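Presented below is the structure to which this report refers.
The values are calculated or read from the model by the stated rules, or taken from the named source; none is laboratory data. In this text the structure is predicted, and so the values were computed from the model without any measurement. Reconstructed Cβ throughout: ideal geometry from the backbone, glycine too, with neighbour counts over all protein chains shown. The protein model used for the area step is the full one, side chains on, heavy atoms only, and it has no ligands, DNA or RNA in it. Shrake-Rupley method; radii C 1.70, N 1.55, O 1.52, S 1.80 Å.
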Amino acid sequence: MVMEARIGELTRKTRETTIHVTINLDGAGNHQVKTGNGFLDHMVRQLASHGLFDIELTAEGDIEVGSHHLVEDVAITLGLAFRKVLGEEPRGIRRMGDCFAPLDETLAHVAVDISGRPYVVVDTALDPDTNVETLKGSQVKHFFESFALQARINLHAKVQVGEDSHHKAEALCKALARALREALEPDPRAQGQVPSTNVPVDVR
């Protein structure tokens, strides 16, 4: 089964941030990420490495007022880039995927549906006001929410058990990456098909 190259590029500028991303959904996990926030870089790298997506991402933001705008806009831009590459009606993919990702004492689970109908349920088990390295727990959750909404995917993410905050956030990123990788894989039994029964055949 041969699919067209799923490669895209996107630049998003606001008064607060400038984000540029190139992505190859059929890559080898290569990545160059520079956001100005160490743990945010780490999260995006996990997404690339374990999803086998090639991602180049640079970001400049008003970090002097905090990292909220930076985290939100990086996630939004990544989500938009995914959606741009996939198009309005992704064809020939498995569509749904899930992954349990263990990391020492932590176990995280993520399930995704590349449905075009965004819905997000995220339980990071992180204290919203406690730092996870260079991010607050609330910002980690917001990253997942913003990405899923802009990518227009259904995302359910939950830390099943865990103690270390770094492990919780990282395990969630790994689980998301693997779930996306599974959902986006070409399905040899559905070549050229939109994997849905809810496909318009006549709109007047």
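In the range 23-49, what residues are hydroxyl-bearing (Ser, Thr, Tyr) and either in contact with a Pro (Cβ under 6 Å, 6 or more places away or on another chain) or in contact (Cβ under 8 Å) with a residue 40 or more places away in the chain (or both)?
Correct list: 49 only.
What's the total number of residues in the range 154-172 that are more than 11 Å from the chain's Cα centre (by Cα), assigned to a helix (DSSP H, G or I) and of a type outside the set (Ser, Thr, Tyr)?
Number satisfying all stated conditions: 6.
Select from the range 83-100 the residues that are at pLDDT 95 or above and open to solvent by less than 10 Å² (accessible area, probe 1.4 Å) and list them in ascending order.
Passing the criteria: only 97.
When the range 110-153 is examined, which residues are found to be of a type in the set (Ser, Thr, Tyr), part of a loop (DSSP other than H, G, I, E, B) and touching a residue at least 60 places away in the same chain (Cβ under 8 Å)?
Once the filter is applied, which keeps residues that are of a type in the set (Ser, Thr, Tyr), part of a loop (DSSP other than H, G, I, E, B) and touching a residue at least 60 places away in the same chain (Cβ under 8 Å), the range 110-153 yields 115, 134.
Cβ-Cβ under 7 Å, sequence separation 6+ or interchain: first residue in the range 162-185 and without any contact (Cβ under 8 Å) to a residue 24 or more places away in the chain and within 23 Å of residue 135 (Cα to Cα), partner open to solvent by 40 Å² or more (accessible area, probe 1.4 Å) and not charged (D, E, K, R). Which pairs?
Between residues of the range 162-185 that are without any contact (Cβ under 8 Å) to a residue 24 or more places away in the chain and within 23 Å of residue 135 (Cα to Cα) and residues that are open to solvent by 40 Å² or more (accessible area, probe 1.4 Å) and not charged (D, E, K, R), there is no close pair.
I need a count of the residues in the range 42-81 that are open to solvent by 20 Å² or more (accessible area, probe 1.4 Å) and outside any loop (DSSP other than H, G, I, E, B).
18
If residue 12 meets every condition in (1) among the basic types (Lys, Arg); (2) in contact with a Ser or Thr (Cβ under 6 Å, 6 or more places away or on another chain); (3) surrounded by 19 or more Cβ atoms within 10 Å (Cβ to Cβ) apart from one, which number is that one?
All conditions are met except number (3).
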